[in-house]
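A short worksheet on the structure shown next.
Every number in this text was worked out from the coordinates using simple rules, so none of it is lab data. Every value quoted in this text rests on a predicted model; they were computed, and no experiment measured them. Here Cβ is always computed from backbone atoms with ideal geometry, including for glycine, and neighbour counts include all displayed protein chains.
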């Protein structure tokens, strides 16, 4: 696996749909599968991938210093505390806006590809310069969206831009799915979304309060083997990326079984 | 190419070949020969980032010009233009995007009555996504879906072998006999010539191609199959 490195852009167009959460959790999940993984935070204006991974206080250098050759790449890479296979590289620091160019991102990605099996790029929201920088370095992409009209519209636009950039393959992760609301047709159904976006579905992530808890703690859900629905979904996305044939969950059957009920009960008791 | 036919309506500004001169040098001379107003910008292989493009737009605005649409062969320029909100057409390097096809389905009476010049057909393969836009001076055939937020316009008919969920404009130059046909006709908005209608809100019936045309001054949507036409009609909400 070491011979072929995969550079995957995680993008959505709209903000707040879960790009950074997916990047962090997917990074951990891939690392736990034994793959050398690096997450590159391309959102340097408003970076928060380091917060989600609990690595904020360990950042000394960024990709900008590496490019300026004022430090080596190894110095800028922040190793994760518990998961040694995972490293974080912030693209820049918030004070130096408009510093990076698409070519710089390509240079950095090329350096990372030599050392890692997976390079995950956390794309900023929007389709302006930050997006263009991030997309320049990417070979494939995961588009994440929620079952909302505005998020789907923005995702559609982003997919069009990815196509003009020749990024392929592009896969879809549908985040924050609420089975009950889908069943009562108060929310766009999975089919409605895949109908419009016409992309292969890489994962379905259920709405899960544990995500908020883990975000605030700086410990991604996939890290401690949590069995919460979102943690399992992120783990499955990682396995599917690796080529495992993991069946997608059926939102209409989710949360009905006895095991799910017991799990909910236990979570309520504990927290 | 279909795009070239626009020249009859709008003036064109063609940037010089990259190897000959920089557009910044030739632009003042070129603008002398045009009258202020809207123009189509043909940038060929010029690779323009947002900054270049916006400085070009500013230059043009200073002289009283407005870019109606941009035609380019460079994906990068197309992306910049999209980011700046300019209507853009990404041309393929070889002119195969459009070919004039003889109208061989003689069963369709409306295409027989039209003059030859508008039977030029532009073919687009693939889905049009939000923010994407196609315009043509002839008829338009899309093999794929037109998603919400996408925009298609043609001087002749608009035919969509897929689902129409964006905005379609047939008879852009005022041809009131133009039609919009789609396998599933659920557009956000329909325009034929100068008529505008919102799409129907009800769920589409599966397996029925539908067509929109102007009937007695209003846009109506009917099953495209003429035998079914007599039996049912679906009104468009005006």
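What's the center-to-center distance, using Cα atoms, between segment B:28-77 and segment B:126-144 in Å? Cα centroid to Cα centroid, the span is 23 Å. Shape annotation for segment B:2-90: C-alpha extents along the principal axes are 29, 28, 23 Å, from largest to smallest. Length available on full extension from residue A:149 to residue A:239: 0.36 nm per residue minus the Cα-Cα distance, which gives 29.5 nm.
Placing R0 at 56 angstrom, the Cβ-Cβ distance between residue A:110 and residue B:205 gives a FRET efficiency of 0.60 after rounding to 0.05.
In degrees between 0 and 90, to the nearest 10, how far off the longest principal axis of chain A does helix A:149-164 point, with axes built from Cα atoms? The angle comes out at about 40 degrees. Counting neighbouring beta carbons within 10 Å and listing from fewest to most, the residues A:23, A:164 come out as A:164, A:23.
The Cα center of segment B:188-221 and the Cα center of segment A:199-213 differ in position by 38 Å. Please give the average number of partner chain Cβ atoms lying within 10 Å of the Cβ of each residue in B:123-131, rounded to a whole number. Mean partner shielding for this stretch: 5.
Each stretch of four or more DSSP H residues adds -39500 (n - 2.57); spread over every residue of chain A, this sum gives -12000 deg cm²/dmol at 222 nm. In the calculated pair-distance distribution of chain A, the portion above 22 angstrom amounts to 54 percent of the Cα-Cα pairs.
When both segment A:127-170 and segment A:53-109 are represented by their alpha-carbon centers, they are found 23 Å apart. For a Förster distance of 45 Å, can you work out the FRET efficiency between the beta-carbons of residue B:198 and residue B:52, rounded to the nearest 0.05? Between residue B:198 and residue B:52 the formula returns 0.70.
Given contacts defined as C-alpha pairs under 8 Å and at least six residues apart, what's the relative contact order of chain A, whole-number percent? Numbers along the way, then the final one.
Numbers: 506 pairs, mean separation 65.9, N = 271.
It rounds to 24 percent for chain A.
The angle between the Cα long axis of helix A:19-32 and the longest principal axis of the Cα atoms of chain A comes to about 90 degrees, rounded to the nearest 10.
Compute the FRET efficiency between residue A:74 and residue B:189 as 1/(1 + (r/R0)^6), taking r as their Cβ-Cβ distance and R0 = 45 Å, and round to the nearest 0.05.
Computed FRET efficiency for residue A:74 and residue B:189: 0.20.
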